[in-house]
Amino acid sequence: MQIEMKIRGLMMDPVTNVPIVILKGAEGSALLPIWVGVYEANAIALEIEKIATPRPMTHDLLKNFIDGLSCSVSRVVVNELKNDTFYAIIWLELDGKLISIDSRPSDALALALRTDSPIFVEERVLKVSKKVVATKEKSSDENLKRWLENLNDEDLGKYKM
């Protein structure tokens with residue numbers, strides 16, 4: 001089963017200083033942090049803040065290709081978590097046919113923002129993610145999980161580069 005999610009915020013991990021995209025269930029309390037690279041976080045932040053760039057960035061170019069081919073992004077799905085790595089699929093619709101494109105979640109999220117497409121996460125990914133966090137917290141940093149659970153809107157301020 002897939003759960004619809006929204007991007008709740010983009011922030012820096014206080015422990016590793018790596019950007020995190022926080023996905024939150026559109027209907028409910030599901031929460032999924034996805035650690036992403038700095039450049040990918042910047043691409044997401046630019047679209048969240050609606051900052052126009054003088055020339056198309058990579059995800060803008062991809063959107064232009066999709067539009068130019070009379071194609072549309074039906075949805076993006078974070079569909080797998082293996083070896084601490086998230087996987088995603090971009091579902092394109094072309095002439096009534098669905099086409100799946102393998103993607104990094106950060107790229108899929110950046111494209112979903114630009115195309116106003118829905119974001120989904122497989123329920124099993126949420127379950128596996130919780131188990132991974134629970135296992136890691138026993139052996140390392142218990143504060144990170146508590147920190148994520150206690151996030152408020154002020155904590156999710158604008159992403160700074």
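Derivation of every value follows stated rules applied to the coordinates shown; laboratory data play no part. Quick caveat: nothing in here was measured; it's all calculated off a predicted structure. In this analysis, Cβ positions are derived from the backbone assuming ideal geometry, glycine residues included, and neighbour counts consider all displayed protein chains.
Sparse packing (at most 16 other Cβ atoms within 10 Å of the Cβ) combined with a DSSP loop state is found for the following GluC sites (Glu not before Pro) in the stretch 13-99: 27, 49. Is the stretch 1-97 best put as rounded, prolate or oblate by its Cα gyration tensor, with a ≥ b ≥ c the root eigenvalues, rounded for a/c under 1.5, and otherwise prolate when a/b is larger than b/c, oblate when not? Taking the square roots of the gyration eigenvalues as a ≥ b ≥ c, the stretch 1-97 is oblate. Net charge of the neighbourhood of residue 87, taken over other residues with C-beta under 14 Å away and scored Lys/Arg +1, Asp/Glu -1, is -2. Across the stretch 78-94, computed HN-Hα scalar couplings (Karplus, 6.51 cos²θ - 1.76 cosθ + 1.60, θ = phi - 60°) run 7, 10, 7, 9, 10, 6, 6, 10, 7, 10, 9, 10, 9, 9, 9, 10, 9 Hz from first to last residue, x flagging Gly and Pro.
Phi angles across the stretch 55-60 convert, under the Karplus curve 6.51 cos²θ - 1.76 cosθ + 1.60 with θ = phi - 60°, into 3J(HN,Hα) values of 10, x, 7, 4, 6, 5 Hz, Gly and Pro given as x. Applied to the stretch 6-11, the Karplus parametrisation 6.51 cos²θ - 1.76 cosθ + 1.60 on θ = phi - 60° returns per-residue 3J(HN,Hα) values of 10, 7, 8, x, 9, 8 Hz, with x for Gly and Pro.
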